[in-house]
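Notes follow the structure.
Read-outs: derived from the displayed coordinates by stated rules, not from any lab. Because the structure is predicted, anything quoted here is derived from the model rather than measured. Don't worry about glycine lacking a Cβ; one is built from the backbone with ideal geometry, like all the others, and counts go over all protein chains shown.
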Amino acid sequence: MSRLYHVPLSPFCRKVRLTLAEKQIEVELIEERFWQASPEFMRRNPAGKVPVLRYEGRILTESQAICEYIDETVPTPPLMPRDPRARYEVRRLCAWFDDKFHHEVTANLLYERVNKKLMGQGYPDSRAIKTGSARIKYHLDYMGWLLDQRRWLAGNDMTLADFAAAAHLSCLDYISDVDWTRSPTVHDWYAKIKSRPAFRTLLADQLPGFPPPPHYADLDF
């Protein structure tokens with residue numbers, strides 16, 4: 001069986017988990033305290049980051065590379081379009097969420113509220129939290145604008161772009177940092193993707209010391 005070394009509230013790990021689940025690939029989840037940089041873990045990934053996937057005898061790293069590799073080796077259901085322009089749009093949006101959204105929102109909210117405590121790095125920075133709370137509004141508005149034109153974020157079919165966005169938002173929803181009333185369109189999109197069987201393992205996550213709000217696992221939130 002494949003093994004995924006991960007952190008439950010990492011959006012990058014969650015993107016890989018969603019991809020594996022959507023492809024119906026069974027995987028053993030192993031929580032990894034990557035910040036402790038154990039010699040064994042550093043041998044798996046000298047970059048010292050999660051996710052790390054052991055798949056068919058190979059060690060795979062970097063979430064986007066992992067997801068595209070899985071999509072190419074297990075083509076059904078497809079998560080990347082065949083048209084080059086459509087693939088570009090998926091990759092553009094994956095980068096948007098994994099770079100811009102992560103830097104402006106996830107790092108300022110999730111990492112301040114949760115990761116600092118887990119890693120023993122002190123107290124949350126209230127200025128960072130204020131910044132993240134302000135910037136997420138812009139991103140929700142941008143998602144709403146995209147979804148006003150398309151069924152899914154990158155087009156008329158669900159793709160890795162939707163998984164990238166949902167991975168970040170699900171982490172933030174776990175700590176009640178998403179205002180779902182801001183955009184009914186984004187709410188409906190998230191409800192649609194949240195109801196997929198691939199999402200069940202994420203909704204079952206429980207982080208000791210950080211209980212999720214009641215609506216987190218509710219499909220009718």
Inset, instruction - Answer yes or no: is there a residue in region 164-180 that is of a type in the set (F, W, Y), farther than 23 Å from E112 by Cβ and surrounded by 22 or more Cβ atoms within 10 Å (Cβ to Cβ). - result: no
Inset, instruction - Of the conditions (1) of a type outside the set (A, V, I, L, M); (2) surrounded by 22 or more Cβ atoms within 10 Å (Cβ to Cβ); (3) touching a Pro at 6+ places or on another chain (Cβ under 9 Å), C94 clears all except one; give me its number. - result: (3)
Inset, instruction - Take the residues in region 1-25 that are of a type in the set (V, I, T) and touching a Leu at 6+ places or on another chain (Cβ under 7 Å), then tell me which one is farthest from H103 (Cα to Cα). - result: T19
Legend entry - Qualifying residue in region 60-69 (condition: buried (at least 16 other Cβ atoms within 10 Å of the Cβ), in contact (Cβ under 8 Å) with a residue 60 or more places away in the chain, farther than 22 Å from L172 by Cβ and within 17 Å of the chain's Cα centre (by Cα)): yes
Legend entry - Which numbered condition M80 misses (of (1) over 13 Å from the mean Cα position of the chain (by Cα); (2) not in a loop (DSSP other than H, G, I, E, B)): (2)
Legend entry - Given (1) acidic (D, E); (2) more than 26 Å from I136 (Cα to Cα); (3) in contact (Cβ under 8 Å) with a residue 40 or more places away in the chain, number of the condition D98 does not satisfy: (2)
Legend entry - Unique residue being of a type in the set (S, T, N, Q) and within 24 Å of H6 (Cα to Cα) when the list is T185, T201: T201
Inset, instruction - Tell me the strands (runs of 3 or more DSSP E) entirely within region 3-66 that contain at least 1 residues that are at negative phi and of a type in the set (F, W, Y). - result: 52-55
Inset, instruction - Check region 86-96 and report whether any residue there is small (G, A, S) and touching a helix residue (DSSP H, G or I) at 6+ places or on another chain (Cβ under 6 Å). - result: no
Inset, instruction - Output the residue which, of all residues in region 128-161 that are closer than 16 Å to D99 by Cα and not hydroxyl-bearing (S, T, Y), is surrounded by the most Cβ atoms within 10 Å (Cβ to Cβ). - result: L160
